[in-house]
Amino acid sequence: MTPSRDKPARELLDFYIEAGADALVGEEPVDRFAAVEVPPRPARAPQPPPTVPDMPQRAAPPAPDAAAMEAREAARSAATLEELRAILEKFDGCALKATATQLVFADGTPGARVMLVGEAPGRDEDIEGLPFVGRSGKLLDRMLAAIGLDRTSVYIANIVPWRPPGNRTPTPQESAICLPFITRQIELADPDILVCLGGPSAQTLLGIKDGITKTRGRWFTFNTGKREIRAMPTFHPAFLLRSPLQKRFAWRDFLAIKKALGKPRAPDAAQHEA
Ligand code: URA
């Protein structure tokens, strides 16, 4: 193909990828709009409506409540971050695992003073198995660098550790099922400061209803189960890529985080270390 004939095909592929159609499901294309010949159904004598016991029995999918309970027990049983990762690798209670390429557990240094939590991995993260490695991750790296931090001096994870198909927003049920794992991950990573990247992360972790425009830059308290730590919601880097004018607010938030890092650990934290 000449480059000029190649371009529309490339653009069409880019469009499919942007729309989330980025996986091959068959070797042959199928025209699902083509008229299908439906063979006439054989005439049947009128039947009485089936009673409930006669209904076909199908294996019920695991109820979300049961999956959330299983997640709580599994997360609680992890004594270390390595154990938590191994438990998540085996956990089948979240349907997102079936469509994701792999688990996206964390990046950075466990035990770092700052932990950042996003919403869910995207396409690049799904491929690499690491959070925030795509375009928004590159911006996050620059924001961290602006306050003297990098991937080795923070710990990064997501509420949901599997990529939702087509980068859609995780459903409330999916987030609820994954919540015990991320809360245990925070407890085991034991940061001094929790940064919630974007509204969904802040709402899920801090139990707040207000949107990110209202909550960003404010300090909240997050109880890790071991101690109370400071938590700040800020804009998600993906949002900042779409709305660059908002970067000045994120800059303020990151300066506040830098200032907070200059302060010694809270007294209850010192007690926790003893
Ligand atoms: N957005 C997120 O919330 N998390 C990632 O890991 C990447 C993009």
Original post:
Across the range 50-200, how large is the tail of the calculated P(r) beyond 19 Å, expressed as a percent of all Cα pairs?
Top reply: 53 percent
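Just want the ordering: Ile87, Ile257, Ile156, from fewest to most Cβ atoms lying within 10 Å of their own Cβ. Can you show the working numbers first?
Numbers: Ile87 18, Ile257 23, Ile156 26.
By the 10 Å Cβ count, ascending: Ile87, Ile257, Ile156.
With N denoting the number of residues in the range 187-227, provide Rg(C-alpha) divided by 2.2 N^0.38 Å, to two decimal places.
That ratio works out to 1.16.
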Subject >> Virtual spin-label span in nm between Asp210 and Lys90, 7 Å along Cα→Cβ >> reply: 4.3 nm
**OP:** Give the calculated FRET efficiency between Thr80 and Leu12 to the nearest 0.05, with a Förster radius of 35 Å applied to their Cβ-Cβ distance.
**Re:** 0.15
**OP:** Determine the dipole magnitude for the range 155-268: charges of +1 sit on the beta-carbon of Lys and Arg, -1 on that of Asp and Glu, nothing else is charged, the reference point is the Cα centre, and the result goes in debye to the nearest 20.
**Re:** 480 debye
Original post:
Please report, for the Cα atoms of the range 89-167, the Rg to one decimal and the Dmax as a whole number; what are they, in angstrom?
Top reply: 12.8, 39
**OP:** Classify the range 136-193 as rounded, prolate or oblate, taking a ≥ b ≥ c as the square roots of the eigenvalues of its Cα gyration tensor: rounded when a/c is under 1.5, otherwise prolate if a/b is larger than b/c and oblate if not.
**Re:** oblate
Original post:
Can you give me the relative contact order of the range 123-177 as a percent, contacts being Cα pairs under 8 Å and 6 or more apart?
Top reply: 31 percent
Original post:
At what distance in nm do the modelled label points of Ser243 and Ala66 sit from each other, each positioned 7 Å from its Cα along Cα→Cβ?
Top reply: 4.1 nm
Original post:
With each label point set 7 Å from Cα along the Cα-Cβ vector, what nm distance links Glu228 and Thr171?
Top reply: 3.6 nm
Original post:
Which of the lysines could be linked to Lys247 by a straight reach, that is with a Cα gap under 26 Å, when you skip same-chain ones fewer than 8 residues away?
Top reply: Lys138, Lys209, Lys214, Lys258, Lys259, Lys263
Subject >> Pairwise centroid distance, computed over Cα atoms, of the range 203-221 with the range 69-144, Å >> reply: 21 Å
**OP:** Starting with the fewest neighbours, write out Arg218, Arg142, Arg248 ranked by other beta-carbon atoms found within 10 Å of each beta-carbon.
**Re:** Arg248, Arg142, Arg218
Subject >> Among Thr215, Ile193, Gly225 the positive-end extreme of the charge dipole of the range 158-237 (Cβ point charges) >> reply: Thr215
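Bear in mind these aren't lab numbers, they're just calculated from the coordinates by the rules spelled out. Everything numeric in this text was worked out from a predicted model, so none of it was measured. No Cβ is skipped: glycine too gets one built from the backbone with ideal geometry, and neighbour counts run over all protein chains shown.
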